[in-house]
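Here, each number is a calculation from the coordinates, and none is a lab measurement. None of the values given here were measured: they were computed from a predicted structure. With ideal geometry, Cβ positions are generated from the backbone for all residues, glycine too; neighbour counts draw on all protein chains shown.
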Amino acid sequence: MNEKPAKRYRITPPRQQGGAVLMVALVFLVIITMLGLTAMRTNVIEERLAGNSRDWALAFQAAEAALRDAEKDIQSGTRFVGETGFVPACTNGLCTPQIDGTAIWQDLETAANSGWMTGASAGPSIAYGTYTNPTPATVANVARQPRYLIEVVTEKGSSLSQKGGYGNQGNQYVYRVTARGFGTSVDSSGNPIARVTVQSMYKP
């Protein structure tokens, strides 16, 4: 009896996965992680920029409020008339202009413990609402109340008289108002970070 030879089956061992797949996965993981970190960093930067913009806007609005408050102070005519009360050293926010050198508000930029820099009740400037009793009494959402200075500028000249000629009507006064507003954020020392200065010429 002829016997058929038994069939032999070769069992092929499974292929071992190469390291290429693992490397690709790691690369993708690193890329995804970097994208996530970049997105988080972008969000943080955008939030900071938005916060800084809001802080600056509040400081600007506060400075504008102080500017209007100073003009009311001038218009009321109760504190001073003409140039009476204005001195070079600035008393109660009333200053005579400096002819030589830097302007008074520029000097205050480097003055230590000045209300002009920190919003404290110090220095020659005065706070919003000191002499005008505004409503509301304070500027909201700011770290310090805005402040202002008033300088008197004398205009010497002639004006047309009713008779058709030119007649001297004496000195006329124009007032230069410089106001400083502060934002809502403060530094580690508690001083406002955002500071905005605005200026106008006001003739009653």
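Quick notes on this structure:
- Per-residue Cβ neighbour rank within 10 angstrom, fewest leading, Ile99, Ile31, Ile126: Ile99, Ile31, Ile126
- Sorting Ser189, Ser200 by the number of Cβ atoms found within 10 Å of their own Cβ, with the fewest placed first, yields Ser189, Ser200.
- Highest to lowest packing among 35-42, 141-148, scored as the average C-beta count within 10 Å: 141-148, 35-42
- Among Arg54, Arg176, the order by Cβ neighbours within 10 angstrom, fewest to most, reads Arg54, Arg176.
- Length gained when the stretch Ser188-Val30 is fully extended (0.36 nm per residue, less Cα-Cα span): 53.2 nm
- Shown is the FRET efficiency for Met23 and Ser53, computed with R0 = 45 Å from the Cβ-Cβ distance and rounded to the nearest 0.05: 0.50.
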